[in-house]
Amino acid sequence: MNLIKHIALVSAIALVPAWALAQTTAPGAGTPPAAKGERSKGERGDRGERMKAADKDGDGAISKAEADAAGMTRLSKNFDKLDANKDGKVTRDEMKMARNEHRGQHKGGHAPAASPATPAAPAAK
């Protein structure tokens, strides 16, 4: 009798992992996008749509006031860095340049310099 109880206990313990796996929900249900390796729409996936919505005057660029009104806090915070030509507006191209520069710095490289440094002229005698 003791042997039968032991076998039943071992069998029950062996079946617990299989039962737990069978209790999973549909693929992706309840799993945050970051856990699945995807970007959520609010995170970065709808960047172009958010820019269009924020561009109230339809000029294809975002002013600081438009960024503030649209709740684009990261854009507002970094506005002066992103506005490469200092015209008071950030275009999609300026954002793309900044993003590429940022990626270059974080991949172990350095962002490309605006122009190569000119060697100093030798001192006159």
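Here are the numbers for this structure:
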{"quantity": "Residue pairs meeting the criteria (Cβ under 6 Å; at least 6 apart or on separate chains; first more than 16 Å from D93 (Cα to Cα), in the range 55-78; second exposed (fewer than 13 other Cβ atoms within 10 Å of the Cβ))", "calculated": "E66/K56"}
{"quantity": "Some residue of the range 22-38 being at pLDDT 55 or above, among the charged types (D, E, K, R) and in a helix (DSSP H, G or I)", "calculated": "no"}
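The values are calculated or read from the model by the stated rules, or taken from the named source; none is laboratory data. These numbers were taken from a predicted model, which means no experiment stands behind them. FYI the Cβ positions are ideal-geometry reconstructions off the backbone, even for glycines, and counts take in every protein chain you see.
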